[in-house]
Amino acid sequence: MAKKENEDIPKLQKSKISFEDIVGHTQSKKRLRSIVNIIRNPQLLKAFDITAPRGLLIYGPSSVGKKMLAKAFVREANLGYYEIAGSRLFDIKYIKDIYAAAAKHAPSIVILEDIDIKGIMQGALTNISFSDIAKILESVEAPVFTVATAESLDGVDPVLIAPEKLDFLIEVTKLDKDARRFFIEKILQKPHDPGIDTERIVRYITGMSAMELERLGRMAALSAIEQGTERITEDILIEQINSIKYGHKVETQMIRSLEEQLRMTAYHEAAHAILSSLLLPHIKIEQVTISRRSNMLGFVSYNAEDEMTNLSKEELFNDVCVLLSGRIAKIKKAGEQQMDSGAVEDLTQASTNIYAAISSLGMDKELGFINIESITLMDDQFLRSRIEERYLVWMQSATERTWKLIDVHWEMIEKLALMLIDKEIVESDELATIVGTATVTGNLPDTI
């Protein structure tokens, strides 16, 4: 019986995939290489008196290359590996046997693929046994490193990402510009119109997965054959992109609108970044991008360590101006017709900040040092009309100040927006070059 169980354990594998084989994901690969360095040089841990890390979790949407990154990590570490996937993740005994085998070949790596998978157990849909796997990771004394993948961090029980389990969390987002260009260039190895604007197509496929881009190449070729043409044209590519993304043919006007939307997003995010750099210079911006992430078309990425706490009145008001700047920049560039729903999150946060300043934080010059949260439990009408009045004054003051700042610094905003349109991502050092030594002086408006 023992012999049969041993035969069920696969042989230790060697990875043939390297980081050089993976297009894009520059930041993820950089982080993974730094983790490999820690594994290779355990003496680095001695100065900090901590135990060796036991594993990492690579998470992100499907078809973005998580499995390839895991295999490339293995090769970079120059270690053998075992892989557990699918139904085997529900077999705790098998997992124990794999880790026992890995321990015999230590140092080694175990890859747990798609640990947020669900299965049917006794007629019910269930997760894998996160707590049991965590115990296995904890019990292995040999240097066995675990690389797990998942689509969502929310789908992973915290017990598995507790200290000394999967210590490192690596998020892999949608394909970046370099990766998307690689797929388009691969498609254009087929017969195609030489006049295709590659950069335009690369912009249009923002947010699409590797699987969708593989499908795009095949569907574009089939569409060309169906139409009786000898080559793939730009119109065919755009039609297939929109069919994959939206499920129906998009009219020419809508296609133009997509490019215009990307352009307007660049101005929106550029305004956020420039005003933030000027008004909140102590909050470091890591990058500005118009590349999709989750449900956002673009975003400004801040250093999480610089998160604002214990806000002053000036910082809170400046933050409101930064939040309003995206919509105002779009209106300045293209008129009132650009007042779309894209600023809803900004407006929500700005509105919350102002209401809190007046009603809870005691920052309003007329209402004074009040906090009405406990009072409203007894009288929900207390100062209601006065708070509404002062709220509108604050919002009007912030809007007027934001307009002035955008007018004064429009040249910088436009320069950054054009750079975003061209490059898609602008890093912190490039942003700093644009802002230079510019500063904002002046007191808060007398009205607030």
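Among the residues here, E411 qualifies as charged (D, E, K, R) and without any contact (Cβ under 8 Å) to a residue 12 or more places away in the chain.
Whether any residue in region 213-231 is polar (S, T, N, Q) and touching a Lys or Arg at 6+ places or on another chain (Cβ under 9 Å) is what I want to check. Scanning region 213-231 turns up no residue that is polar (S, T, N, Q) and touching a Lys or Arg at 6+ places or on another chain (Cβ under 9 Å). Of the residues E226, E230, the single one that is out of contact with any strand residue (DSSP E or B) (no Cβ under 7 Å at 6 or more places or on another chain), part of a helix (DSSP H, G or I) and at negative phi is E226. Residues that are touching a Lys or Arg at 6+ places or on another chain (Cβ under 8 Å) and closer than 16 Å to N318 by Cα within region 362-394 comprise M363, D364, listed in sequence order.
Can you pull out the residues in region 28-72 that are under 26 Å from N127 (Cα atoms), touching a strand residue (DSSP E or B) at 6+ places or on another chain (Cβ under 9 Å) and assigned to a helix (DSSP H, G or I)? Hits for region 28-72 are K66, K67, L69, A70, K71. Might you check whether a residue that is of a type in the set (K, R), closer than 30 Å to A398 by Cβ and modelled with pLDDT of 85 or more occurs anywhere in region 230-238? No, every residue in region 230-238 fails to be of a type in the set (K, R), closer than 30 Å to A398 by Cβ and modelled with pLDDT of 85 or more.
Note on region 308-333: residues that are over 28 Å from the mean Cα position of the chain (by Cα) and either basic (K, R) or part of a helix (DSSP H, G or I) (or both) total 3.
The values are calculated or read from the model by the stated rules, or taken from the named source; none is laboratory data. Treat the numbers as computed from the prediction; the structure is a model and nothing was measured. Glycine gets a Cβ as well: all are built from the backbone with ideal geometry, and neighbour counts include every protein chain shown.
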